[in-house]
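Trainee: Before anything else, here's the structure in question.
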Amino acid sequence: MKIRILGSAAGGGFPQWNCNCETCDGCRSGRLNAIPRSQSSIAVSSNGLDWVLINASPDIRSQILANPELQPNRHLRDTGIKAVFLMDAQIDHVTGLLMLRESKVRLPIYCSARVKSDLTSGFPIFNILEHYCGVDWFEVKPDGTPFTVPGIDGIQFEPFALTSKAPPYSPHRAAPAPGDNLGLVIRNVVTGKCALYAPGLGVIEPPVEKAMREADLILVDGTTWTDDEMSRRGVGKKLAREMGHLYQSGAGGMLEVLSAYPNARRVLIHINNTNPILIEDGAERAEVRAAGVEVAQDGLVFEL
């Protein structure tokens, strides 16, 4: 089983197009040792030719160009993307669907009923795609019920609910419910090895602990270094927890959480443009490295 990181940054990418914070400006100018990153998405395959796209970021076109395996060139019009799984309905995870409108077949999309509701109402991408390639929707239950995708042999997907809110445009933004945001266990049924993918994770609840305990690879929320990072950087007022993300440093932070699972390969993903761990030779990156944790970057491939 291959897991390919297409994008490793949070919404807006890194450097963010309109941001001149310390990290964005330093990356853009070359003053800091920092690697640009596109918006978070991964792809999963059992044969290296056919892939499930996990979230469709606004950067999907450039991500496909940077990862030729997703365009295997078997036919005049071709793609290695067999299906798309959506973990939530956030703009930075679904807008790329519009770039896939030229598909020569109806686009198979797996998501919860809550996500489908948002994508046919507040942000009606599904409706728009019906004027192009069309969508075949497959409901996934946010309770750990496993499912498989035709053509992706030997891989089982197990989605479970995370505590979070629907996107700001959602009609049920003020009434969160299971299915608004999912974590995902990706299991190789042949080897028994599995990965946890949770780019938006604000609360460590029992299903999360169970998934981390079983995982050989943990790809988990790396959005901010501190809870008040947005205000520290002068770019916002909300705390990380208010945005549905668990900060990394200090007591109760993600590094402390991950310390309980030393046998897994632990990787931070969905990294906000303000996060100092983006500085390759910075003190915060050194602290992450000392904890035995990695920082994701575009193009990384894991095999389980």
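Trainee: Taking H placed 1.01 Å from N in the peptide plane, check which residues at least 5 places from ASN33 or on another chain put their amide H under 5 Å from its amide H.
Mentor: Hits under the 5 Å cutoff: GLU280, ASP281.
Trainee: Here is a further query. Can you give the percent of C-alpha pairs in region 2-303 whose distance is more than 34 Å?
Mentor: 16
Trainee: Looking at the P(r) of region 89-225, how many percent of alpha-carbon pairs lie beyond 26 Å?
Mentor: Every Cα pair in region 89-225 considered, those over 26 Å come to 27 percent.
Trainee: Now, a different point. Taking a ≥ b ≥ c as the square roots of the Cα gyration tensor eigenvalues, with a/c under 1.5 meaning rounded and otherwise prolate when a/b beats b/c, else oblate, which class fits region 109-172?
Mentor: Oblate, since a/c reaches 1.5 and b/c is not below a/b.
Trainee: Now for a separate question. Dipole size in debye (nearest 20) for region 2-303 around its Cα centre, Lys and Arg Cβ +1, Asp and Glu Cβ -1?
Mentor: 420
Trainee: Which links in LYS104/LYS165; LYS2/LYS82; LYS116/LYS165 stretch past 26 Å when you go from one Cα to the other?
Mentor: Over 26 Å apart, Cα to Cα: LYS104/LYS165.
Trainee: Quick one: which of 208-214, 219-225, 23-29 comes out on top by average Cβ neighbours within 10 Å, and what's the full order, highest first?
Mentor: Peptide ranking by packing, descending: 219-225, 23-29, 208-214.
Trainee: Any idea how far the Cα center of region 127-164 sits from the one of region 47-103, in Å?
Mentor: Cα centroid to Cα centroid, the span is 14 Å.
Trainee: May I ask you to work out the translational diffusion coefficient for region 181-237 at 4 °C, viscosity 1.567 mPa s, via Stokes-Einstein with Rh from the Kirkwood sum over Cα pairs, reported in whole µm²/s?
Mentor: Rounded to a whole number, D works out at 100 µm²/s.
Trainee: Then there's this: Report P(r) for region 42-164: all Cα-Cα distances, bin width 5 Å, range 0 to the bin holding the largest distance, values in whole percent.
Mentor: 2, 11, 21, 25, 21, 13, 5, 1, 0
Trainee: Cut-off 10 angstrom, C-alpha nodes, Gaussian network model of the chain. Which of SER46, SER57, SER103 fluctuates the most?
Mentor: SER103
Trainee: Tell me which residues come under 5 Å, amide H to amide H, from GLY144 once H is placed; ignore anything under 5 positions away on its chain.
Mentor: HN-HN under 5 Å from GLY144: PHE160, ALA161.
Trainee: Per DSSP helix of 4 or more residues, -39500 (n - 2.57); summed, then divided by the residues of the chain. What does that give at 222 nm, rounded to the nearest 500?
Mentor: -4500 deg cm²/dmol
Computed from the coordinates by the stated procedures, all read-outs in this text should not be read as laboratory data. Computed from a prediction, not measured in an experiment: that's the story for all the values here. Quick reminder, even Gly has a Cβ in these numbers, built from the backbone with ideal geometry, and neighbours come from all protein chains shown.
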